[in-house]
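> This is the structure I want to talk about, given as structure tokens.
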Amino acid sequence: MKTFTSDIYKFSRSSKIALALTSVFAAAGFTWPFFASDMESARFAQYFFWVAMPLAFALLLTQLSDRSLDAKSVALLGMLAALLAALRPLGAGAIGIEPMWFLLILAARVFGSAFGFLLGALGMLASALFTGGVGPWLTYQIFAAGVIGLLAGAFAKDLRGWREQIYLLLIAIVCALGYGLLMNLQFWPWALGTNTQLSFIPGGDIQINLRRFISFHFLSSMAWDIPRAILTSVLVVTTGPAVLAALRRTKKRAAFLTPIEFSERLS
Amino acid sequence: MINFSRVSLVYPTSTKTILEDLSFEIAEGEMVLVIGSTGTGKSSLLRLINGLVPHHTGGILAGDITVGGVSTQLVRPGELAHLVGIVGQNPAQGFVTDIVEEELAFGMEALNIAPDVMRKRVEEILDLLALAHLRNRAISTLSGGEQQRVAIGSALVMNPKVLVLDEPTSALDPIAAEEVLSILHRLVHDLSLTVVIAEHRLERVIGFADRIIHIAGDGSAEINLPEEILKRSEIAPPIVHLARALGLSDVGLSVREVRRMTEEIRASGKDIPREVGQLGEIAIRTNKLSLTYGEKKALNEVSTQIHSGEIVALMGRNGAGKSSLLTTLVGINKLSSGSSEINGIKSVDLKGQVRRETVGFIPQEPSDLLYGQSVQGECQQADRDNQSAPGSTFALLKRIVPSINPETHPRDLSEGQRLALALAIVISAQPKVLILDEPTRGLDYQSKALLISLLKNFAKELNRSVLIATHDVELVAELCDRVIFLAEGEVVADGPTLDILLSSPAFAPQVAKVMSPRPWLTVSDVMRAVAE
């Protein structure tokens, strides 16, 4: 009889389908302002997604944590999510200084993208409960953090040394800026009222709305996304080698997917 | 209760057979002691009992293990949780919650036990382990012995039939160890609990064990009565070594037995002349040194001198101020009044390069000194810091522990290897004074003997001084010239080892208890007295 110790968390087939469906739904939740035909439907879309996103996400989470999460994965996930939650408010959240992203990126890199998705989502959820930052924006934040974890763990798994450092630096910048973009996207339609030059025009032309959004994004993100990207990159570069070594050692010590064999005699 | 039938174990990453063809049976209500040097597979054997090996670690397991009739092959470790309780070496690492009561309830919550049953069981355990007065305390504020009792309690609360303990007393002082062991003894006798326990300090546990499993290190193991095993085993408490050295026909396991056998030797042995060593120049000098933490007085007017070439032990209860004195000497604490200096340099002025060359300090947890990613890295760093030839620290380390692997992460080393690494790094700076805080925690007899010879060489050949804070009276008897006894931050006794250790029965080493009233502390003392 030959078996293996439990693997680190991986998506099952049904999880992948659930994730794909939720992603499509979330994409709609982020981009509806460009497609809403008038004020009426824009308002409807806003309230609809405020309610529907958390529900869809709760469904996804129950599906993801249904099976195949064994004790070791749960312990790792719990500890790292708690660390993320503790790290996030360290920078007081002002001007995007949230020192949690580097750890999410590094952990996802070591433990893979499925684990990274769960970690990002749970870490964001825990930190929101921790800091009282609960609101309609929370599901968007959770989903964005999950996607960052997913991406950070997905590519170029064999890179090591300085190449890995450069790759991680790129990921850090892309993730920090991308997160800001997504957050602005869900924030923009109701942030400015209706009559500024950058406001969302319900039912307006996609190109005009897009241009307005991009100007809004660059004006506001100067103060938020760039510090976030700088902080994350600096932390990834300075702490990267040590944190990666510690996490990789943890992974090795936890003996994921090691063969177990039971036999009558030792041959 | 526990049945091993032709069990062999190999880990997937190595070719070494940890255990080979091991068969034994442990009956209900038995207390079995597992002995063996570090790294021979004691912990693996313990973890086989509840299935953590190989279900969580991987590996090839041949043969069959059943606990209470359940084969560990067929069920996951979680499904044995109600049958086997396991307690680790360092209880603090296993705690999940902050408060004693919550910690006790945690395991039952995971097993989904009804709240009213939980309440009742928590009360029972609080009474059984005499923890009732601590129920609302934060675990971090408890003493080592109390923490270990809470850890045992949180395993017992699930009503297991078997309790497995991995070195439960190695981090404890003698009094706390006694406390834990007497509780275990009671559990075995009153509740007929089956206990399997691995331990290095045999002099503490040998009196309680019904049988011993001795793991040899080449995969073979033997299970037998304590008397039989100890007749031949290399690993033995001092009184057994004494009985062997004297050529007695039987080995006694208690002081009382050996005393009866050695009446004649006590009467006929000659007095051994005292060695009066030359005192070197003063290396450490404190004058009315006081230290307060907030309201609490940690040290009160401590005045003492330590000469070069001297090995001095600092003894006393937990919280008597031993560690405070050591850290003050090396300049980590700011003293409140008085003065302390090493080699004429004030402690507070010790910084950087000067500190490294003047004093080497190894704290209670040697890994506090180790930040590198590998043994090799640590040694290279030490070479650079001391501007010594590359590889010299590693060469020193190799002399202490020849089997060490340079690629290992410092935190993956065994307790003894980690201490050796810290020692090598500190000694490579050639400090004038060496200060160690509790260096023998978790060390087996071999590593301890090695430590003793290393420190003796360092002090006597290089004429440097060594100061050790310790609970280990056997170490003091073998190694130290002088003992300073602290209580409540004050020096209550200071004098030659012989006088101090013999003056109180609680601190006398085993050999001295056997040979009292003759002033012989160690086996070699006795042999010299008999020979002359």
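Computed from the coordinates by the stated procedures, all read-outs in this text should not be read as laboratory data. These numbers were taken from a predicted model, which means no experiment stands behind them. Here Cβ is always computed from backbone atoms with ideal geometry, including for glycine, and neighbour counts include all displayed protein chains.
> Show which aspartates and glutamates lie in cross-link reach of A:Lys10 when reach means a straight Cα distance below 17 angstrom and same-chain residues fewer than eight apart are skipped.
A:Asp66, A:Asp70
> Provide, as a two-decimal number, the C-alpha radius of gyration of the range B:424-532 over 2.2 N^0.38 Å, N being how many residues it has.
Normalised Cα radius of gyration, the range B:424-532: 1.13.
> Using only helices, what value at 222 nm comes out for chain A when you add -39,500 (n - 2.57) per DSSP H run of length 4 or more and divide by the total residues, to the nearest 500 deg cm²/dmol?
Mean residue ellipticity, 222 nm, calculated: -24000 deg cm²/dmol.
> With charges only on Cβ, +1 for K and R and -1 for D and E, what is the dipole size of the protein assembly as shown about its Cα centre, in debye, rounded to 20?
So the magnitude is around 1960 debye.
> Name the residues whose placed amide hydrogens come within less than 5 Å of the amide hydrogen of B:Ser23, ignoring near sequence neighbours (fewer than 5 apart) on the same chain.
Counting only residues 5 or more places away or on other chains, the set is B:Arg6, B:Val7.
> Distance between the C-alpha centers of the range A:100-123 and the range B:215-243? Whole Å please.
When both Cα centres are located, 50 Å separates them.
> Could you run the Karplus curve 6.51 cos²θ - 1.76 cosθ + 1.60 with θ = phi - 60° over the range A:206-220 and give me ³J(HN,Hα) per residue in whole Hz, x for Gly and Pro?
My calculation for the range A:206-220 gives 4, 5, 5, 4, 4, 4, 4, 4, 5, 5, 4, 4, 6, 5, 7 Hz in order.
> Follow-up. Above 21 angstrom, tally the Cα pairs of the range B:335-454 and express them as a % of all pairs, no decimals.
In whole percent, the share of Cα-Cα pairs in the range B:335-454 beyond 21 Å is 39.
> Still on this structure: How large is log10 I(q)/I(0) at q = 0.09, 0.11 Å⁻¹ when the Debye formula is applied to the Cα atoms of chain B, each weighted equally and without solvent?
-0.74, -1.10
> Two decimals, Cα atoms only, Kirkwood Rh: what is Rg/Rh over the range B:197-275?
Checking Rg against Rh, the ratio lands at 1.05.
> Taking neighbour counts of Cβ atoms within 10 Å as a proxy for exposure, in what order, fewest first, do A:Ser127, B:Ser192, A:Ser6 appear?
B:Ser192, A:Ser6, A:Ser127
> Assigning unit charges at the beta carbon (Lys, Arg +1; Asp, Glu -1) and nothing else, what dipole magnitude in debye, to the nearest 20, does the range B:1-154 show about its Cα centre?
With only Lys, Arg, Asp and Glu charged at Cβ, the dipole is about 360 debye.
> Related question: What are the ³J(HN,Hα) values, in whole Hz, obtained from phi via the Karplus relation 6.51 cos²θ - 1.76 cosθ + 1.60 with θ = phi - 60°, for each residue of the range B:232-248 in sequence order, with x given for Gly and Pro?
Listing the rounded values in order: 10, 5, 5, 8, 7, x, x, 5, 5, 4, 4, 4, 5, 5, 7, x, 5 Hz.
> For the range B:476-527, what ratio Rg/Rh do Cα atoms give with a Kirkwood hydrodynamic radius?
0.99
> List the lysines whose Cα sits under 22 Å from the Cα of B:Lys460, skipping any in the same chain fewer than 8 residues away.
B:Lys398, B:Lys432, B:Lys448
> Now a separate question. From zero outward in steps of 10 Å, how is the percent of C-alpha pairs of the range B:15-118 spread across the bins?
11, 38, 35, 14, 2, 0
> Below 8 Å, C-alpha to C-alpha, sequence gap of six or more: please give me the relative contact order for the range A:11-157 in percent.
23 percent
> For the range A:1-83, what percent of Cα pairs sit more than 21 Å apart?
49 percent
> Same structure, new question: Using the C-alpha atoms of the range A:101-229, what convex hull volume per residue, in cubic angstrom, is computed?
Convex hull volume per residue, Cα atoms: 123 Å³.
> When a footprinting reagent is the concern and you count Cβ atoms within 10 Å, what order do B:Trp520, A:Trp50, A:Trp224 take, fewest first?
Taking fewest neighbouring Cβ atoms as first place, the list is A:Trp50, A:Trp224, B:Trp520.
> While we're looking at this one, here's another question. Using only C-alpha positions, report the orientation-averaged shadow area of the convex hull of the range B:303-342, nm², one decimal.
For the range B:303-342, the mean projected area of the Cα convex hull comes to 3.3 nm².
> Starting from the Kirkwood Rh over alpha-carbon pairs, what translational D in µm² s⁻¹ does the range B:343-385 have by Stokes-Einstein at 10 °C and 1.306 mPa s?
Rounded to a whole number, D works out at 132 µm²/s.
> Continuing with this model, one more query. Please pull out the direction-averaged projected area of the range B:247-350, using the convex hull of its alpha-carbon atoms, in nm² to one decimal place.
10.8 nm²
> Starting from the Kirkwood Rh over alpha-carbon pairs, what translational D in µm² s⁻¹ does the range B:102-213 have by Stokes-Einstein at 37 °C and 0.692 mPa s?
Stokes-Einstein gives a translational diffusion coefficient of 224 µm²/s.
> Bin by bin, in steps of 5 Å, what percent of the Cα pairs in chain A do you find, going until the bin that has the longest distance?
Pairs per bin, as whole percents: 1, 6, 12, 16, 16, 16, 13, 8, 5, 3, 2, 1, 1, 0, 0, 0, 0.
> Let's see if you can work this out: charge +1 on each Lys and Arg Cβ, -1 on each Asp and Glu Cβ, no other charges. What is the dipole magnitude of the range B:184-283 about its Cα centre, in debye to the nearest 20?
240 debye
> Restricting everything to alpha-carbon atoms, can you work out Rg to Rh for the range B:161-236 with a Kirkwood hydrodynamic radius?
Radius of gyration over Kirkwood radius for the range B:161-236 works out to 0.96.
> Cα centroid distance between the range B:253-281 and the range B:96-147, in Å?
Result: 47 Å between the Cα centres.
> Another one. Only loop residues by DSSP count here, and only those with at most 11 other Cβ atoms within 10 Å; note down the trypsin sites (Lys or Arg not before Pro) in the range B:342-399 that meet that.
Here the sparse-neighbourhood loop sites are B:Lys351.
> Using the eigenvalues of the Cα gyration tensor, what equivalent ellipsoid semi-axes result for the range B:18-63 when each is taken as the square root of five times the eigenvalue, whole Å, largest first?
18, 14, 11
> Given the alpha-carbon gyration tensor of the protein assembly as shown, what are the semi-axes of its equivalent ellipsoid in whole angstrom, ordered largest first, with each equal to the square root of 5 times an eigenvalue?
Each semi-axis is √(5λ); the values are 57, 34, 24 Å.
> Still on this model: Counting other beta carbons within 10 Å of each residue's own, what order do B:Lys42, A:Lys252 fall into, fewest first?
Starting with the residue having the fewest Cβ neighbours, the order is A:Lys252, B:Lys42.
> Same structure, new question: With θ set to phi - 60°, apply the Karplus curve 6.51 cos²θ - 1.76 cosθ + 1.60 along the range B:173-188 and write out the HN-Hα couplings as whole Hz, x wherever there is a Gly or Pro.
Calculated HN-Hα couplings, in order: 7, x, 6, 5, 5, 4, 4, 5, 5, 5, 5, 4, 4, 5, 4, 5 Hz.
> What are the residues whose amide H is under 5 Å from the amide H of A:Ile260, where those residues sit 5 or more places off or on another chain and H is modelled from the backbone?
HN-HN under 5 Å from A:Ile260: A:Thr3, A:Phe4, A:Thr5, B:Gly59.
> Can you give the log10 of the normalised intensity I(q)/I(0) at q = 0.11, 0.12 Å⁻¹, computed with Debye over equal Cα scatterers of the range A:1-158?
Cα-only, vacuum Debye calculation for the range A:1-158: -0.47, -0.56.
> So what is the relative contact order for chain B, in percent, with contacts set as C-alpha pairs under 8 Å and at least six apart?
About 14 percent, as a whole number.
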